[in-house]
Each structure stands twice: as structure tokens, then as C-alpha cells.
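Undergrad: Please read through the structure below; I'll follow up with questions.
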Amino acid sequence: MAKKSFYIETYGCEMNKSDSIDISLSMESSGYSKSDRPEDADIVIINTCAVRYNAEERIQGRIGFYKSLSKKLGKDQTVVIAGCMAQEWGRKILEDYDNVSIVAGTYHYLRIPELVREYDETGRKIAAIEKQDYRFSNFKGERAESFSAWVNIIKGCSNYCSYCIVPFLRGLEKSKPHEEIISEVKELVDRGVVEITLLGQNVNVYGKDNNDITFVELLEMLNEIEGLKWIRFLTSHPKDFNPGMIERISKIEKVCKHFHLPLQSGSDKILKLMNRRYSVEKYYEIVDAIRMFNNDYSITTDIIVGFPGETEEDFLKTLEVVKRVEFDDAFMYRYSDRPYTKASKLENKVPFNVMRARLEELIEVQRKITYEKNRSEIGKTEEALVVRPSKKSEEEMLCRIKKGKMVVVPTKARPGSFIKLKITGISGNTLKGEEVTVSESLRI
Ligand code: SF4
């Protein structure tokens, strides 16, 4: 009998993208074949996000899309909803959408093949959302999809920022034992991976929940792995950072020169209401420490505008911090009520049009700063990882420098190899460069 095929689409953060690799591998190792086209698949898996309401709206649209696709194709596809929205809505998804057969919450992502088999055998729809002891996947080297790989080091979050639904859906922090991470990375490197990104909602507290080694010690151990070239990580929480950690990290050769440090608001009053547990002063201390140990780090951030109770004065304080810190880039959002969260019960909600106007103003301020930060890169020579062909020209490749910025360069070097480049210009927000030398043999 022909293997059943599956198609997977992923929404949301890097953690979800990383989970989707494990879901695919568990499906393939259970005898299903992966399809690149939804219309060819017998099983469709949608790995969902619930961080903001508009993310869920998008998923609802996709579920509708698959209903009409099945009709058009004249075949029943088994639709599986996985991830954060599955954990949040649970059985309600089966009640609201008659074309969905399986709901697999965040603790059950590795069980999807088993749930599909059970559904095929019984025809009964399934909602698996019980919170149980979280299991990290056992896949290691197989997770290598290219020369760059995600490595999940800690799941969940125990911070309970008052606007955030993640702790309710992904549970408390649980660190993966460092021996597992080291062997995973070694296997990935054996498969040609040269750059890894360590993932967690808050990587800085790695090892605290299970008395394992600290995050900085983990970085130092990974730094010893031969063949591994670059180490990136996200996301860090400012409350769990201090100048001592930053000094040690700045000395680890393979750690890339980029910190993603969510600010969220520039008003101490709002930071308190958000339960972020740091002040703007503490945030400045971290940023200044980063720049003191290495002035060439890029710093990016997340900012929410329109948090309940945010006044014009609070918003101006956010703009003030943005102008003082000069982030290389920022992810900026309107506040969105999320179920179970403390903030959703707060009064003084900011009207939508005010939120929109503040977001537009913030984006405009940050856009100018990002442009100036990129312009200041012109003239610098950097080592760069060749990532993929540029969309505009076959002669040009998109390359990533150590601080995480992308540069378009004419080169014959292949993806996964390193070159030296000189940044020569900027077009819009895209950096342009020229190759200085080919530092590593072309990888075929
Ligand atoms: S640190 Fe806060 S915002 Fe980030 S995942 Fe945890 S609770 Fe959510």
C-alpha cells in the first residue's frame, strides 16, 4: 500500500519552526512521506501560533482554505492542528471546524503519527492537549536541513509577563540536559552544519530548573566543538542578564555579535504592569555593558505599544529609549488581549486608533535608526556565511555577517561557505557588498 503523505505549514516563532522539524521527522520515521504541495498530501499539519489574536485569525483562514481545497480535490485530507492555538482552544477547534480531525497540543507534538494512526483506525476525532511531562525530541543530526540549524535548549517560560499567553500554553521552563545538546550539535556538525541558533523563550535561565550547567558555561562548551563556526541564541530576558555574563559571552569566539533583548516598553510604570521585572535603568545598564565589551554588537528588540494604561507620556518614554539605545532593528506590535493573561483583565484599554497611530510613529522612528545603523556598516570588512541566491540577480548571493545582518554580494561561493566581504553600500534597508577573498573552498 502506498505510503500516506503529509504536508506541514508553520506559523509563529523559531520555537515553532524547530518543533515542525521534529514533527516532520517523527512522521517520516513512522512511514509517512513528506509532500511539498498541500494538494498532494493525505494529511495536512498546521503548526499554529497564539501570541496575538491576528495570528489566530490567519489560522482560521487556513482551516477554511483546506475545507475548500478538499472539496475541490474531491478527497478527504486529514487536517491536524498543532502548536499553541491547539493547546489554547483544544476540543473547541473540533466543534467549530468540521474538517479538522486531530488537535495536538504543545505537549503532544511528537505523538502526531500515533494520533493519525488512531484516527485512521477508529474514525474518532482526537484532541490531545493534556499537560504532561514535556518530552524533548530525540532527533539530533537528522534535524540538519542545511548548514544552519535550530537547537532547542529550554522549553516553556516561568515569567508570566502579564500580556503573554506562552507560559499557559508551553508550561514552565524545562532545560534539555547539556550532554544531549552537546551530542546533538556534534551530530549536526558531522552533517555539515556550521551555524547553530540556540532557542528558548528565555535562554539566559538555562540549567536553573534542573541544576545543570549555566547558559554561559553551555556556550563555552559548544565553543569547543570542532567544525562549528558560529553560535547564535534567542531570546534573552533583560532581568536575567548582567554585565558579568556579557563580559564572559563577549570572550567566546564563536558566539555571534548579536543580542535580541526585548524591551517591550520604555516606561517603568508599564514595565511594572507588564510584570517584566526590570527598569529602564537596568535595561540601559545591560545595553551599555554590551557596548562596553564590544561596541560592534548589533542589538535588536521587541516593543509593544498600547498596553492597557499606556498614556501618551508613557509612549514618549518608549520613543526616548528607542532613540537613546539606537537598536539595529526592532519587532514592533500593537497590544493584543490574550486569554488567561492578567493584562486582559486590566481596565484603561487604549483605543485601537491610538494604538495604530503610536505604532506608526514608533515604526517611523525606528526605520530611520535602522537605516543609519546599516549605513554605519559601509566600509567595514566582515566574514560572512553565504546563505542563498539573491532574488534580484543570479550573480549575487545573500550572505549573513556575524552580527546577523544580511548583505547582497556578487560571488560564486556556494551556500554554507564563508567569504570575506566589504560592505560598499545600501539600497533601502539592504546592505550591498563586494567579495574580498574566498576563505573556504566552495562547498558542492
Ligand atoms: S518572557 Fe514573558 S513575553 Fe517572553 S515568553 Fe516568557 S512570559 Fe512570554
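Undergrad: For an R0 of 51 angstrom, estimate the FRET efficiency from the Cβ-Cβ distance between Met406 and Lys71 and round to the nearest 0.05. Show your work: numbers first, answer last.
TA: Working: r = 41 Å, r/R0 = 0.80.
Once the sixth-power term is evaluated, E becomes 0.80.
Undergrad: Could you list the square roots of 5 times each eigenvalue of the Cα gyration tensor of the stretch 48-131, that is, the equivalent ellipsoid semi-axes, sorted largest first and rounded to whole Å?
TA: Details: eigenvalues 72, 65, 17 Å².
So the equivalent ellipsoid measures 19, 18, 9 Å along its semi-axes.
Undergrad: For Lys72, give me every one of the lysines with a C-alpha distance below 19 angstrom, ignoring sequence neighbours fewer than eight places off in its own chain.
TA: Partners within reach: none.
Undergrad: Work out, step by step, the length gained on full extension between Ile363 and Asn54: first 0.36 nm times the residue separation, then minus their alpha carbon distance; give nm to one decimal.
TA: Details: separation 309, 0.36 × 309 = 111.24 nm, distance 1.87 nm.
Full-extension gain reported as 109.4 nm.
Undergrad: Take Arg143, Arg291 and sort them by solvent-accessible surface of the protein heavy atoms, 1.4 Å probe, largest at the top. Each step should come with its number before you reach the end.
TA: On the way: Arg143 10, Arg291 55 Å².
My answer, sorted largest first, is Arg291, Arg143.
Undergrad: Largest first and to the nearest Å, give the Cα extent of the stretch 251-312 along each principal axis.
TA: 43, 19, 17
Undergrad: Counting other C-beta atoms within 10 Å, and keeping those with at most 13, which DSSP coil GluC sites (Glu not before Pro) do you find in the stretch 364-444?
TA: Passing sites in the stretch 364-444 are Glu394, Glu395.
Undergrad: May I ask for the equivalent-ellipsoid semi-axes of the stretch 141-375, computed as the square root of five times each C-alpha gyration tensor eigenvalue and listed largest first in whole Å?
TA: Numbers: eigenvalues 209, 86, 50 Å².
Over the Cα atoms of the stretch 141-375, the ellipsoid semi-axes are 32, 21, 16 Å.
Undergrad: Do any cysteines of the chain lack a neighbour Cys whose Cβ is under 4.7 Å away, and which are they?
TA: Cys with no partner Cβ under 4.7 Å: Cys13, Cys49, Cys84, Cys157, Cys256, Cys399.
Undergrad: Could you run the Debye sum over the Cα atoms of the chain, one equal point scatterer each and no solvent, and tell me log10 of I(q)/I(0) at q = 0.06, 0.09, 0.10 Å⁻¹, two decimals?
TA: The Debye formula, applied to the Cα set alone, gives -0.28, -0.64, -0.80.
Undergrad: Okay, moving on. I'd like the accessible area for Trp89, computed on protein heavy atoms only with a 1.4 Å probe and all protein chains in place. Round to 10 Å², please.
TA: 50 Å²
Undergrad: Using a 1.4 angstrom probe on heavy atoms only, work out the carbon and sulfur share of the accessible area of the stretch 5-128 in %.
TA: On the way: 2260 of 4950 Å².
For the stretch 5-128, the apolar C and S fraction of the accessible surface comes to 46 percent.
Undergrad: Ok, one more. Restricting to DSSP H runs of at least four residues, report the calculated mean residue ellipticity at 222 nm for the chain, -39500 (n - 2.57) per run over all residues, nearest 500 deg cm²/dmol.
TA: Details: 13 runs with 150 residues, N = 444.
My calculation for the chain gives -10500 deg cm²/dmol from helical runs alone.
Undergrad: Measure off 7 Å from each Cα along the Cα-to-Cβ vector at Lys345 and Glu39, then give the distance between these two points in nanometres to one decimal.
TA: Those two pseudo-labels are separated by 5.0 nm.
Undergrad: Roughly what % antiparallel, to the nearest 5, for the DSSP beta bridges in the chain? Write down the numbers at each step before the final one.
TA: Numbers: 25 of 68 bridges.
So the antiparallel bridges in the chain amount to around 35 percent.
Undergrad: While we're here: Using only the heavy atoms of the protein chains and a 1.4 Å probe, how would Asp329, Asp296 rank by accessible area, largest first? Kindly include the intermediate steps, with their values, before the conclusion.
TA: On the way: Asp329 70, Asp296 35 Å².
Of Asp329, Asp296, the descending order of accessible area is Asp329, Asp296.
Undergrad: Rounded to the nearest 0.05, what FRET efficiency do Thr311 and Tyr371 have when you use their Cβ-Cβ distance and R0 = 41 Å?
TA: Details: r = 29 Å, r/R0 = 0.71.
Step by step, r from the Cβ atoms, then E = 0.90.
Undergrad: Please list, short to long, the whole-number percent of alpha-carbon pairs of the stretch 381-440 in consecutive 5 angstrom bins beginning at zero.
TA: Going out from 0 Å in 5 Å bins, the stretch 381-440 shows 5, 23, 37, 26, 8, 1, 0 percent.
Undergrad: Turning to a different aspect of this structure: Send over the semi-axes of the stretch 205-340's equivalent ellipsoid, whole angstrom and largest first, taken as the square roots of 5 times the C-alpha gyration tensor eigenvalues.
TA: Numbers: eigenvalues 174, 57, 34 Å².
Semi-axes (√(5λ), whole Å): 29, 17, 13.
Undergrad: May I pose another question? Of all the Cα-Cα pairs you can form in the stretch 330-444, what percent are over 20 Å apart?
TA: 54 percent
Undergrad: Mind checking which of Lys75, Lys405, Lys345 has the largest fluctuation in a GNM of the chain, springs on alpha carbons under 10 Å?
TA: Sorting by GNM fluctuation, first place goes to Lys75.
Undergrad: Follow-up. Between Ser68, Ser26, Ser265, where does the largest GNM mean-square fluctuation fall for the chain, given springs only between Cα atoms within less than 10 Å?
TA: Ser68
Undergrad: Connecting C-alpha atoms closer than 10 Å in a GNM of the chain, tell me which of Leu346, Leu228, Leu273 has the biggest fluctuation.
TA: Most flexible of the set in this elastic network: Leu346.
Undergrad: Further, regarding this structure: Please give the length that would be gained between Glu28 and Ile225 if that part of the chain were fully extended, namely 0.36 nm times their separation in residues minus their C-alpha to C-alpha distance (nm, one decimal). Working shown, then result.
TA: Details: separation 197, 0.36 × 197 = 70.92 nm, distance 2.91 nm.
Taking 0.36 nm per residue and subtracting the Cα distance, the gain is 68.0 nm.
Undergrad: Contour minus end-to-end for Glu383 and Thr437, with contour as 0.36 nm per residue of separation and end-to-end as the Cα-Cα distance? Don't skip to the answer; put the middle values down first.
TA: Numbers: separation 54, 0.36 × 54 = 19.44 nm, distance 0.96 nm.
Length difference between fully extended and current span is 18.5 nm.
Undergrad: Rg(Cα) of the stretch 288-339 divided by 2.2 N^0.38 Å?
TA: Working: Rg = 13.5 Å, N = 52, 2.2 N^0.38 = 9.9 Å.
Scaled against compact globular proteins, the figure is 1.37.
Undergrad: Roughly how many whole Å is it from the C-alpha centroid of the stretch 17-37 to that of the stretch 285-299?
TA: If we compute the Cα centre of each part, the gap is 40 Å.
The values are calculated or read from the model by the stated rules, or taken from the named source; none is laboratory data. Values in this document were obtained by computation on a predicted structure and should not be read as measured data. Don't worry about glycine lacking a Cβ; one is built from the backbone with ideal geometry, like all the others, and counts go over all protein chains shown. What goes into the accessible areas is simple: the full protein's heavy atoms, side chains included, and nothing from ligands, DNA or RNA. Shrake-Rupley method; radii C 1.70, N 1.55, O 1.52, S 1.80 Å.
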